[in-house]
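Notes to accompany the following structure.
The values are calculated or read from the model by the stated rules, or taken from the named source; none is laboratory data. Treat the numbers as computed from the prediction; the structure is a model and nothing was measured. Cβ sites come from the backbone with ideal geometry, for glycine too, and all protein chains shown count toward neighbours. Surface accessibility is based on the protein's heavy atoms, side chains included, excluding ligands, DNA and RNA. Shrake-Rupley method; radii C 1.70, N 1.55, O 1.52, S 1.80 Å.
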Amino acid sequence: MTDRYAVIGNPVAHSKSPHIHTLFARQTGQDIHYEAIESPLDGFAATIARLREAGYKGCNVTVPFKFDAFRLCDRTTGRARAAQAVNTLLFQDGEILGDNTDGAGLLADIENNLGCALLFKQVLLLGAGGAAHGVVWPLFNAGPTLTIANRTAEKARQLAEEFSGYGTVTGCGYDALAGRRFDVVINATASGLSDEMPALPEGIFASGALAYDMMYGRETPFMKFAREQGAARVADGLGMLVEQAAEAFFKWREIRPDTHPVLAALRGAT
Ligand code: ATR
């Protein structure tokens, strides 16, 4: 029997997840059906209840429900608890199990696909909202020295304080970055959504630096800035999207798809 999965969001029509998981299933010979389901903003728990009733095996969760999903779980992984957010649910033995594969997806894309090891590198994370919060703990597993900078400096300082037990991390506003250089700069702000640019000082990219925008689908002002400022490599978040999906697929099906042909297919299509 075909096992059913879905991605739940609002809005969700634009989601590439059904296409990605369908390609994974075809590649690995798994008999699954994966669809996008829009949940009412005030009806996430009811949507999940309906899916469980209908026999779905699990789902992905996207904006704006990742925090609701975390609260709904009977059990969660350590990385989900660190993020206080869940993007992958498993419906198993009458329980809701929650994981967060976003950070692992980011790490796999930066370290494996882009070939940039983070150990002892100077890494700058831009933003202190949900997207940034979700990747701090996984980033620490790769061993960088981390600086978190945000438009609202106090939020960056609070985020750094929250994770100060895990590694070397400081939080600040954008102006405090003047005169500093970073090997990797990751944009986890929502600025690209409104075609805006975080107010970064010039000269923050070290020689050979990687600029990474967690958004995908178009060149953001941050990516343009990075090119103009001489970043050696500039990447969007499409690889992260595919990698977090592969990690979710592995949790559900216990088989790991090869992400490279899928990423190549998506790049060819965009
Ligand atoms: P998300 O879930 O996408 O992280 P969020 O939790 O609302 O969304 O957080 C948005 C992040 O993008 C915040 O870090 C926000 O900065 P503030 O905390 O100062 O609001 C950042 N952000 C949004 N628009 C921005 C812009 N135009 N320039 C710089 N940062 C921006």
Q: Would you mind getting me the FRET efficiency between THR2 and GLU111? Use the beta-carbon distance for r and R0 = 45 Å, nearest 0.05.
A: 0.85
Q: Can you tell me the relative contact order of the chain? Whole percent, Cα pairs under 8 Å, sequence separation 6 or more.
A: 15 percent
**Q.** Electrostatic dipole magnitude of region 103-236 [Cβ: Lys, Arg +1; Asp, Glu -1; Cα centre; debye, to 20]
**A.** 180 debye
Q: Arrange the residues VAL184, VAL169 by how much accessible surface each exposes, largest first, with a 1.4 angstrom probe.
A: VAL169, VAL184
Q: Relative to the longest principal axis of the C-alpha atoms of the chain, give the angle of the C-alpha long axis of helix 17-28, reported between 0 and 90° and rounded to the nearest 10°.
A: 70 degrees
Q | Dipole of region 103-236, positive direction: furthest Cα of VAL185, PHE163, GLY208, with charges on the beta-carbon | A | GLY208
Q: Provide, for the chain, the number of lysine pairs with alpha carbons under 27 Å apart, each pair being eight or more places apart or on different chains.
A: 11
Q: Give me the accessible area of LEU177, 1.4 Å probe, in Å² rounded to the nearest 10.
A: 0 Å²
Q: Distance between Cα centroids, region 211-236 to region 30-107: provide it in whole Å.
A: 30 Å
Q) Which residues does a label at ALA45 reach in region 73-102, if reach means a backbone N under 14 Å from a point 7 Å past the Cα toward the Cβ? A) 73-74
Q) Using the alpha-carbon atoms, what tilt in degrees (0 to 90, nearest 10) does helix 238-253 show relative to the longest principal axis of the chain? A) 40 degrees
Q | Fraction of antiparallel bridges per DSSP, region 103-236 only, in percent to nearest 5 | A | 0 percent
Q. With every protein chain left in place, what is the accessible area of SER194 in Å² (1.4 Å probe, nearest 10)?
A. 70 Å²
**Q.** For region 103-236: rounded, prolate or oblate by the Cα gyration tensor [a/c cutoff 1.5]
**A.** rounded
Q. Given charges of +1 on the Cβ of Lys and Arg and -1 on the Cβ of Asp and Glu, with all other atoms neutral, how large is the dipole of the chain about its Cα centre, in debye to the nearest 20?
A. 220 debye
(Q) At 1.4 Å probe size, put HIS21, HIS14 in order of accessible surface, largest to smallest. (A) HIS14, HIS21
